[in-house]
Amino acid sequence: MSDSDRPTFDIAVPSKDPEKKDEDKPKANGNGDLKGKGKDDGKDDDVTEMSEEDLQLKAELEMLVQRLKEPDTDLYLPALESLRTLIRTSTSSMTSVPKPLKFLRPFYEEMGQIRESWDQALKEQRSLLASILSVLAMTYSDSGKRETLFYRLLSESTEAPGSWGHEYVRHLAAELGEEYNSNYAAEIEQDIERPEGLKYTTEQLKALALELVSFFLKHNAEADAVDILLELENIEEIVELTDLQNFERVCRYMVSCVPLLVPPDDSAFLETASKIYAKYDRYPEAIALAVRLNSPALIRQYFEAPKNPVMKKQLAYFLARAQIPLHWIHAAEGAESEEEEQAPTQEEDVLECLGNVKLSTHFRNFGKAVGVEEPRSLEDIYKSHLEPNRVTQTADSARQNLASTFVNAFVNAGFGNEKMMVNAPEGQSWIYKTKDHGMMSATASVGLSLLWDTESGIDHIDKYTYSPEEHIKAGGLLATGIFHAGIRTESDIAYALLEEHVDSKSLSLKLSAINGLGIAYAGSGRKDIAEKLLPHVADETNTMEVAAMAALALGFVFVGSGDGEIASAILQTMMEREEAQLASEWTVFICLGLGLLFLATQEDSEPTVATLKVIEHPIASIAETIVDVCAYAGTGNVLKIQQMLHLCAEHAEKSKKETPNGDAAPVAAEGEGPAAAAVADAEGDVNMSGETTAQPITAPAEDASAAPAPTTGEAEDEDKDEKDKVDSLKYQAFATIGIALIAMGEDVGAEMALRQFQHLMTYGDPVIRKSVPLALGLISASNPQLSILDTLSKYSHDSDLDVAINAIFAMGLVGAGTNNARLAQMLRGLATYYAKEPDCFFMVRIAQGLVHMGKGTIGINPYFNDAQVMSRTAVAGLLATIVSFTDARKFVLDKHHWQLYWLVTAMYPQFLITLDEELEEKPVTVRVGQAVNTVGLAGTRHGISGFQTHQSPVRIGTGERAELGTNEFFPYQSVLEGLVILKKNEQYDAEDQN
């Protein structure tokens, strides 16, 4: 039977359930109890269910309370002591209230009144009763009154709170924190002496807190101890309370809290943790935290503290990696210092470690050990035979040859043995296969091949500095700066060779010398370089290009120093220059130079930001954004990220400029919707329906030429409006990059930022869409996470070529130095896809070079020492390169491809090399695996999972960690990364290990 043939019936359904008949109702048992359990009569039935022991206990407790009402005062103390004993010795399950507390419930109010009625002379009795009431208040007092705390402080008891049990201490700690936050924190901020109406002094609260902290630390509750001191803003007190058993767990918890704290708590935590480490002679950990604080005084203190010369060398290796200004810890003989306390003169062997002098030797030995010392050819990288549907390329164009020199330099960086430039037969160097500005970049690539090798570097480069061809000579100067990057030699050759050319009449020589100094001396904070470059920033006769490069070089050299003199010189220049000059595309690098001075300095940047508000030119909003994001780089500051998202949401001004006659007002309102939705969706408030997105998701290119041609009369006005619109929103590019810069230091924030980028990409203007791939490259440098690779792969096929170019470059950054096979395959596909687009094809080649950087041994991730410390010089180099890509067609894709060499300051070997106490390389067994977060976990956990066992030296990638395989040696530094010195374990017996 088919469905249509089946008969149908209407069934009437009443709106209410029919009433039950008497016999259907459940029968009561006579006591009014439906379930027959007989509990309705309350106490009488409870009593019948009690066991004999419980009845006896209840009677005893009631009798003891009764005694407290007697006129005979001699009975009070024995009664109270019996009560105390009964409460303390009662045992209960985890989920039920102890019996004495349960039975004393009816007497809680009464006992409080009894205590009030007693004479003041009964001091001991009043104190003991207050202690008992404090314990009872855990379960009976009204919430909000905090009577556990009230009676505890009223009792003035000298008994340790821990004697009443762990739960009591935790309850007391919770009430203590609430009380302080609600009544005391605000008064302390306003410097009011004890306000009226408050029950306790802050000293009372802090004294009690210290008692609780002592208890927590003895009972493996380090996190609770730190939390209560954080609430009372008294964290420095924990230094004296830690001991040898718990100090490490306390410090690790404190350091893991730092990204979640607001200033000044974050600095206080780092400083306190460093003091605890120093107290127990753990100087490598202490100095790492001092570097995070960027505090010269602490760094010098911890560097000078150890008496063991080998430990001092280990600390020197760490400071060399962090690129700390040498004059903070070492004063050259005869040098005058402006500081009150002059640094001591260090030994020669320590200086050698501080200057990274042997980095090149160690790196090449490492390359030999892992089997990559042989130079790689271009075909090894491109693997053209694997490219799908290969299109035959036109015979060597100068542009492709230029790309090849970059690829060759990045891939063979640091090994100094490649055959295209360094070991090329006479007259067959690739320099001559490029043209004009290409010759400069090609010559500079020699410096990258000879990275960190200052001795043979000079020999190779010397011949180019005498070349009659100006571009080759300029490339030679830049190369000199490149191979000195991060190396501090006593002879100081780079400065000697470059300083005279800073004042050269030739623009290209001058720019190369300035950039060479910036790269070679990044982070060194040298005053002589400031004196050399500041006149070029201030001189109004200089072009913006020269002033911008001088400002940026100063930003590199004084990165994170907050130097007021340089900052005011740069601000002065911005105020005095004419509007037409400030409109130059180079001005953005002046802003970046200013921002780098305040990198990770947080509030120190506020006076500068306030000064920038005075400048009326649109460049001021760009400078303000850059300084703001640089100041909070790596802090994970949520408020700043929200501020940047609000900047990205601004559309209204743009719409007005677009239609001055107001005809398109509705479009303006509509255009505002999507961005507001993007930001609001981050907070989960706005429904992102498709109604507001009138434009297609893939925005058109910014180029006015890409738009349909307007009528002749309007063409010029529209072009101008389009340009004004782009300029007025330019700061949004830096706000987008800023989100990545702020969030990159903290895993949860970085994860959340990725979601925001998806919204920005969907709803943002072209200027934002262009910047999102760059932000992704920054937030995950040398860390090819699958989700980010897939996202960038999607963006690399975008119809807006500016977005595609930046996405391809970001793929290079994300995979830099990882040899990631999946990424290499994606790039081979893109090489075919963009074979006819010269700009995109050039970028694909560069990205291929970055992915195979140093043949997989060099990374550009700015975090080191187990991702705890941010290298300011690395961030400076990454940021400068990324900023140049916000307008790639005017910089890297035009004549300024040499700006890619700014990445050199971020390049560093990803290795672990173990040395003996004589600083000779010592192969030992190490395990390398994925780092596991063990903060706050019970017991001693393994810090790595899925490990493999190797002989050192080994490669340590981003997110990996190493441990020694045996106890044959003790490392001088707990984080096995970079150069680590080992001490022989005299008690070690190999047979015991088997």
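What the table below lists for this structure:
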| quantity | calculated |
| --- | --- |
| Scan of region 777-814 for residues that are touching a Pro at 6+ places or on another chain (Cβ under 6 Å), open to solvent by 10 Å² or more (accessible area, probe 1.4 Å) and touching a residue at least 60 places away in the same chain (Cβ under 8 Å), ordered by number | none |
| Some residue of region 849-872 being at pLDDT below 95, open to solvent by less than 10 Å² (accessible area, probe 1.4 Å) and of a type in the set (S, T, N, Q) | yes |
| Every residue from region 564-575 that is surrounded by fewer than 18 Cβ atoms within 10 Å (Cβ to Cβ) and touching a residue at least 12 places away in the same chain (Cβ under 8 Å) | 565, 572, 575 |
| Number of the condition not met by residue 262 [criteria: (1) under 21 Å from residue 638 (Cβ atoms); (2) of a type outside the set (Gly, Ala, Ser); (3) in a helix (DSSP H, G or I)] | (3) |
| Of all residues in region 551-589 being in a helix (DSSP H, G or I) and in contact with a Lys or Arg (Cβ under 9 Å, 6 or more places away or on another chain), the one that is farthest from residue 635 (Cα to Cα) | 587 |
| Single match in 978, 943, 957, 936 (criterion: farther than 24 Å from residue 283 by Cα, open to solvent by less than 70 Å² (accessible area, probe 1.4 Å) and within 24 Å of the chain's Cα centre (by Cα)) | 957 |
| Odd one out for residue 335, checked against (1) at pLDDT below 90; (2) open to solvent by less than 50 Å² (accessible area, probe 1.4 Å); (3) more than 27 Å from the chain's Cα centre (by Cα); (4) within 28 Å of residue 451 (Cα to Cα) | (4) |
| Entirely in region 419-503, the helices (runs of 4 or more DSSP H) that have 2 or more residues that are closer than 28 Å to residue 538 by Cβ and in contact (Cβ under 8 Å) with a residue 60 or more places away in the chain | 437-449, 470-483 |
| Given (1) more than 30 Å from residue 291 (Cα to Cα); (2) buried (at least 24 other Cβ atoms within 10 Å of the Cβ), index of the condition residue 479 fails | (1) |
| Residues of region 278-295 satisfying the condition of being assigned to a helix (DSSP H, G or I) and touching a residue at least 40 places away in the same chain (Cβ under 8 Å) | 279, 284, 285, 288, 291, 292 |
| Filter result for the condition that a residue is open to solvent by 50 Å² or more (accessible area, probe 1.4 Å) and among the polar types (S, T, N, Q), over 139, 148 | 139 |
| Condition broken by residue 568, with the remaining ones in (1) farther than 22 Å from residue 484 by Cα; (2) more than 32 Å from the chain's Cα centre (by Cα) satisfied | (2) |
| Number of positions in region 348-390 that are of a type in the set (Gly, Ala, Ser), in a loop (DSSP other than H, G, I, E, B) and at pLDDT 90 or above | 0 |
| Condition check for residue 485: of a type in the set (A, V, I, L, M), within 32 Å of the chain's Cα centre (by Cα) and farther than 18 Å from residue 408 by Cβ | yes |
| Matching strands (runs of 3 or more DSSP E) fully within region 895-979 where at least 3 residues are within 25 Å of residue 313 (Cα to Cα) | 911-915, 925-931, 960-964, 969-971 |
| Top-ranked residue in region 606-618 [being of a type in the set (Val, Ile, Thr) and within 13 Å of residue 595 (Cβ to Cβ); ranked as surrounded by the most Cβ atoms within 10 Å (Cβ to Cβ)] | 608 |
| Criterion: farther than 17 Å from residue 741 by Cα, among the hydrophobic types (A, V, I, L, M, F, W, C), assigned to a helix (DSSP H, G or I) and at pLDDT 85 or above - qualifying residue of 623, 610 | 610 |
| Condition broken by residue 639, with the remaining ones in (1) open to solvent by 30 Å² or more (accessible area, probe 1.4 Å); (2) out of contact with any His (no Cβ under 9 Å at 6 or more places or on another chain); (3) at pLDDT below 90 satisfied | (3) |
| Residues of region 228-257 that turn out to be open to solvent by 50 Å² or more (accessible area, probe 1.4 Å) and farther than 24 Å from residue 867 by Cα, as a count | 9 |
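The values are calculated or read from the model by the stated rules, or taken from the named source; none is laboratory data. Here the structure is a predicted model, which means the values were calculated and not measured. Methodologically, a virtual Cβ is constructed for each residue, glycine included, from the backbone with ideal geometry; neighbour enumeration extends over all protein chains shown. These area figures cover heavy atoms from the full protein model, side chains too; ligands, DNA and RNA do not enter into them. Shrake-Rupley method; radii C 1.70, N 1.55, O 1.52, S 1.80 Å.
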